[in-house]
Every structure is written in C-alpha cells, then in structure tokens.
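Undergrad: Got a structure here, written out as structure tokens. Questions coming.
The values are calculated or read from the model by the stated rules, or taken from the named source; none is laboratory data. All figures in this text were calculated on a predicted structure; none of them were measured in a lab. Here Cβ is always computed from backbone atoms with ideal geometry, including for glycine, and neighbour counts include all displayed protein chains.
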Protein chains: 4
Amino acid sequence: MQDLIDRIRAFNLERQWGQYHSPKNLVMALAGEVGEMIEHFQWLTQEQSRHLPAAKKAAVEEEIGDVTLCLLNLADQLGVDILDAAGRKLERNREKYPVEKAKGRAEKYTELG
Amino acid sequence: MQDLIDRIRAFNLERQWGQYHSPKNLVMALAGEVGEMIEHFQWLTQEQSRHLPAAKKAAVEEEIGDVTLCLLNLADQLGVDILDAAGRKLERNREKYPVEKAKGRAEKYTELG
Amino acid sequence: MQDLIDRIRAFNLERQWGQYHSPKNLVMALAGEVGEMIEHFQWLTQEQSRHLPAAKKAAVEEEIGDVTLCLLNLADQLGVDILDAAGRKLERNREKYPVEKAKGRAEKYTELG
Amino acid sequence: MQDLIDRIRAFNLERQWGQYHSPKNLVMALAGEVGEMIEHFQWLTQEQSRHLPAAKKAAVEEEIGDVTLCLLNLADQLGVDILDAAGRKLERNREKYPVEKAKGRAEKYTELG
C-alpha cells in the first residue's frame, strides 16, 4: 500500500494539485465518487447486485479504484493509515455489536447502535 | 491488508450478517458513512480542514475506519482488490490528465475529463 | 413555498449563519442529510422500504424535512427556484427517455442516458 | 407543486417505472444526483461557489432539478409532503438551536446538536 501512496503523491505533485487537496475538498471528491458508484446499483435488485454482468462489473471496479484513490488521498492529507483506522474500528464494532445480540439482525447499525 | 479482510469476514460470519451484505446494500452503507464524514467538514474553511483540533481529528479518523471497512466489505463481495483497482485507475488518470494539460488546474476532473 | 423560504431566511438571519452558507458548504450539508436518510434504508429489502413501520416512517419524514431545508437553502443562495428547475428537467427527461424506448426498462438513466 | 407532482406521476406511469421506484431505490437515486452536484463544487473555493460562471450555474441548476425530482418522487412514494416536513423540521430546529446559543457559531449541527 505504501507504494501506491507514493505513486499517488507523485501524481499529485507533478500536476501541482496539492493546492486543491484540502481535506474538505477531498471529502467532497470522495462523496462524488461514491455517488457515481451508487448510480450503478440503484435500479438493481439485491440479487442482481450479487451477479453483475461483466461490463457492469468492470465499470464498478473502476469506481472502486476512484473511491480508493480519494480515500487514500484524504487519509494521507490527514496523516491517517486507513488499515490501522479500520482495524481499530472493527475492534470497537466487536464491542458495540456483541455476537449474542447482533446475530442475524439487520437493525444492527441503527437501532442497536 | 489480507489479515484485515480475514478479520472482517470472521466478524460478519459470527453475526450472520452476510445475508444483508449484498453489494447494493453495502454501497448504501458506504454512502452513509461518507455522509457522516462530510458532516465533520461542512462548516469548516479549507484552511481549518487542514488543521483539525485533536478531538475532531480522532472523530474523523474513526469515520475513515468506517469508510474503509465498508469499502473492503463491498470489494470483497465483488471479488475486487482495492489496491489493484486503485493502481489501475491511477494509470488511467495519468493518460486522462497529462501533466502539461492538467498542471495547476482545478477543473481537472470536470472540464478536462 | 415562498412562505417557507422566507421563514428559512429569517431563521438563518437571526443566527447569523449566512456567513457559513456558501453554496459549497450547503451542498456538503445536503450530502450529509442524504447520507442520514440512506442509513434508514440500507438494510431493508425493497419491499420493506415500501411498508415502513410508523416509527421509521416518522424518522424518514424528519430526514425529508432536513433534505428539503438544505435544498431550499442552497437553491436560494444560487437564485434558483426548485420547482422551475425540476419542471424544466422533467421536460428534458421526456425527450431523453422517450416512452417507446424506456418503457419498463430499468437501465433508463445509465445505459440509455 | 401539486401540478409538478402530477406530471412526475404521469411521466413514471407512461414508462412503467413504478416497479423500480421503491423508496430504497429512490433514496439511492437521490444520493447519486447529490453526488453529481457535489462534483461541480469540490474544487471551488467557497468564494467561487458564491459567484458561479454562467455555464456552471446552468449545469448546477439542472442538477437541482434532478435532485428535486428525486426528492418529490421519494416523498410521493412515502406519502410525505416535502414542504410540511420541512416546515415542521424548521420549528424543531428553532428549539434545537436557540438564537442566543447558536448565533454566529459554525459548530451548530455537530457540537451543539
């Protein structure tokens, strides 16, 4: 991952884009990319979303690339390691949603939260 | 990263949450988490967003954790490696925004796109 | 609607919030509110989303209120009438998605677009 | 507004799109449209966002049209009147953010909330 982060930094530096990359702007860019991803799924049934045709799958993969680039850019500006942050959050979720309470319940995040 | 993905899988399996984790649902969850992140930044100036006070910084880091967990969950359901997808997209962006055209220009994604 | 817009203006004026209400910030606030709305629906099936229990329905109605307030605030800052804008867009969609092509097809916005 | 809602209903009926318009799907469509709007603003300064050039202004107005159509569609499916919902929420906000506490403070929604 560090290699990818280095390449993102070089990419931005060559283009002098750092001036636009305040965390405020990058979180907007992230939301924009997630909006593009959501458009691929909005008219699908859940079942269809589990079995994407190849062309759609390729398009979604590209969006995942965009989202990841934005997220890494944002995290880098803030000095955050996304895997550390995710690992810590997973441990917190483990306490928040104990197995015996959360098992097979969809209300997890909202009502249980 | 594989270790984190394994831990996410185990977390979901223990709670029998796989049934809710269609890509359609997970992309919604991702959008919801990004929405929470955006709320931290909406009233800040760009300058303020570059220098977050410690409490805000910690809250944002937790949101980055949530976004990363959702993204890894989604990518795992689709069989996508987020770093591969991001690396490929970065190469495509390199062609789409050549240095001589994109240097120091904010319109990058929209007008040049 | 004009009456509601006047009340929103008075509300903002009393709190001296106009300084924060740049279109950039308001579009972020709008995205944040939509994120809260999406969280209510992310684990529901489509069928469940058509038949919300009363408590959920009330919470969603409140989110619709928030989204509408943000949208009216944003439109007011830009000097846009949301009903005019929507009416014009509906006419454009009428041409973009002619009945004979779009009838009963879910790909409407993406592939046909 | 009722006239616009009637026209939206007729538009959907002619295209037999009601089958896709579960609230779950429509909230995703709303998020997608807001994502498109955010992309117009992500690299602008707040000052620039207050003074959009004509072409950008026209594009943003079209996005406001899209967002409004989605919101009206969603609200109609749920049997919610957006102006009522917004009016009620404004009253609730009046209590939540009393003038003497909220005046000129940007932390309004988050810290005060």
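Undergrad: Can you tell me how many residues within the stretch D:72-100 are at pLDDT below 95 and under 18 Å from residue C:51 (Cβ atoms)?
TA: Summing the residues that are at pLDDT below 95 and under 18 Å from residue C:51 (Cβ atoms) in the stretch D:72-100 gives 0.
Undergrad: Please enumerate the residues belonging to the stretch C:10-23 that are assigned to a helix (DSSP H, G or I) and of a type in the set (Ser, Thr, Tyr).
TA: Result: C:20, single match.
Undergrad: Against the conditions (1) surrounded by fewer than 20 Cβ atoms within 10 Å (Cβ to Cβ); (2) under 18 Å from residue B:105 (Cβ atoms); (3) of a type in the set (S, T, N, Q), where does residue A:2 fall short? Just the number, please.
TA: (2)
Undergrad: If you don't mind, another one. In the stretch C:60-101, which residues are surrounded by fewer than 21 Cβ atoms within 10 Å (Cβ to Cβ), among the small types (Gly, Ala, Ser) and farther than 14 Å from residue C:5 by Cβ?
TA: C:87
Undergrad: Six or more apart or on different chains, Cβ atoms under 6 Å: show the pairs whose first residue is in the stretch C:16-33 and within 23 Å of residue D:101 (Cβ to Cβ) and whose second is surrounded by fewer than 20 Cβ atoms within 10 Å (Cβ to Cβ) and at pLDDT below 95.
TA: C:16/D:103; C:16/D:104; C:20/D:106
Undergrad: While we're here: For the stretch C:74-87, indicate whether the set of residues that are within 7 Å of another protein chain (Cβ to nearest Cβ), touching a residue at least 24 places away in the same chain (Cβ under 8 Å), within 16 Å of residue D:28 (Cα to Cα) and not charged (D, E, K, R) is non-empty.
TA: Scanning the stretch C:74-87 turns up no residue that is within 7 Å of another protein chain (Cβ to nearest Cβ), touching a residue at least 24 places away in the same chain (Cβ under 8 Å), within 16 Å of residue D:28 (Cα to Cα) and not charged (D, E, K, R).
Undergrad: Would the stretch B:18-34 turn up any residue that is under 19 Å from residue A:22 (Cβ atoms) and crowded, with 22+ Cβ neighbours inside 10 Å?
TA: yes
Undergrad: Being within 21 Å of the chain's Cα centre (by Cα) and acidic (Asp, Glu), is that true of even one residue in the stretch A:39-54?
TA: Checked against the condition, which is being within 21 Å of the chain's Cα centre (by Cα) and acidic (Asp, Glu), the stretch A:39-54 yields at least one hit.
Undergrad: So which pairs qualify, if the first residue must be in the stretch D:43-65 and at the interface with another protein chain (Cβ under 9 Å from one of its Cβ atoms) and within 10 Å of residue C:22 (Cα to Cα), the second must be part of a helix (DSSP H, G or I) and at pLDDT 95 or above, the Cβ gap must be under 6 Å, and the two must be at least 6 apart or on different chains?
TA: Once the first residue is at the interface with another protein chain (Cβ under 9 Å from one of its Cβ atoms) and within 10 Å of residue C:22 (Cα to Cα) and sits in the stretch D:43-65, its partners that are part of a helix (DSSP H, G or I) and at pLDDT 95 or above give D:46/C:24; D:49/C:23; D:49/C:24; D:49/D:41.
Undergrad: Something else now. Is it the case that residue A:34 is among the aliphatic types (A, V, I, L, M) and closer than 21 Å to residue C:43 by Cβ?
TA: So residue A:34 fits the description; yes.
Undergrad: Looking at the structure I just gave you, is residue C:12 crowded, with 19+ Cβ neighbours inside 10 Å, more than 7 Å from every other protein chain (Cβ to nearest Cβ) and polar (S, T, N, Q)?
TA: no
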